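Heads up: the structure comes next, in structure tokens.
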Amino acid sequence: MGTGVRRRMGVEERRQQLIGVALELFSKHSPDEVSIDEIASRAGISRPLVYHYFPGKLSLYEAALRRAADDLSSRFAEPHEGPLGARLRRVMARFFDFVEEHGPGFAALMRGGPAVGSSTTNALVDSVRQAAYEQMLAHMGVVGPAPARLELVVRSWISLVESTALIWLDGRRIPREELETKLVQDFAALAAVSAARDEELATLLRGLVKQEPGDGPFTDLAARMIALAQE
């Protein structure tokens, strides 16, 4: 149902309004399920006026996605203070806040589909992944190009986070907080396996682990692994 409100807006103000409306709709429905008519109705304008600002639904979707990508990228930002495990736990909490807020749109984007097949949308997704990658290296205190094994660990973990979020959205059968902690521990486990074959990475991890408190997610993982081996 439209708002019935028709007031004059500047070009940029109207564009931003349409992007906001589209983002809200794409957050609740797959892009293929959202029509230009629905966007126009929600914005309180005519269908032809939507096309005056955007040539089609895909271009409007891309603009909404660009805003969402900026939002999602910012959720990996965290002050580089305190134990790494606690920092990553806060990052995961903000990431899953986004997943919950934009569930259907997030799923459609990550799984691909007719509305998200353009090079622009693919580039935006890649930009989010790259931002997450760079933030992870910064959290670990890595300056410059990462060693090959560390790059593999971080990029593999980012893919794991994405796929885990998609699985979780389909039924939400595991408590969110448990999943967030698990993903932090998954990162520690992946890094530890690679560190067993890479002394440079092992030295880096030793320094990070020394900063972990007794009740942190990394320490908890180690305790659980030791207990499992002793059973």
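Results for (1) surrounded by fewer than 19 Cβ atoms within 10 Å (Cβ to Cβ); (2) small (Gly, Ala, Ser); (3) touching a Cys at 6+ places or on another chain (Cβ under 9 Å); (4) more than 14 Å from residue 101 (Cα to Cα), shown as yes or no for each residue.
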{"site": "26", "(1), (2), (3), (4)": "no, no, no, no"}
{"site": "30", "(1), (2), (3), (4)": "yes, yes, no, no"}
{"site": "37", "(1), (2), (3), (4)": "yes, no, no, yes"}
{"site": "43", "(1), (2), (3), (4)": "no, yes, no, yes"}
{"site": "66", "(1), (2), (3), (4)": "yes, no, no, yes"}
When restricted to 149, 172, 206, 197, the only residue exposed (fewer than 15 other Cβ atoms within 10 Å of the Cβ), at pLDDT below 95 and either in a helix (DSSP H, G or I) or of a type in the set (Asp, Glu) (or both) is 206
In this structure, does residue 94 turn out to be modelled with pLDDT of 90 or more and basic (Lys, Arg)?
yes
Report whether or not residue 123 is of a type in the set (Gly, Ala, Ser), in the same structural domain as residue 142 (by TED's automatic domain parsing), in contact with an Asp or Glu (Cβ under 9 Å, 6 or more places away or on another chain) and within 30 Å of residue 184 (Cβ to Cβ). no
Among 212, 199, the single one that is over 30 Å from residue 101 (Cβ atoms), among the charged types (D, E, K, R) and touching a Ser or Thr at 6+ places or on another chain (Cβ under 9 Å) is 212
When the stretch 209-231 is checked residue by residue, the ones that are exposed (fewer than 13 other Cβ atoms within 10 Å of the Cβ), more than 17 Å from residue 90 (Cα to Cα) and not polar (S, T, N, Q) are 210, 214, 223, 224, 226, 227, 228, 229, 231
Within the stretch 198-228, residues more than 16 Å from residue 185 (Cβ to Cβ) and among the small types (Gly, Ala, Ser) come out as 202, 207
All conditions in (1) surrounded by 15 or more Cβ atoms within 10 Å (Cβ to Cβ); (2) in contact (Cβ under 8 Å) with a residue 60 or more places away in the chain are true of residue 137 except (2)
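The values are calculated or read from the model by the stated rules, or taken from the named source; none is laboratory data. It should be emphasised that the depicted structure is a prediction, and the values quoted were computed from it without experimental measurement. Backbone-built Cβ (ideal geometry, glycine too); neighbour counts: all protein chains shown.
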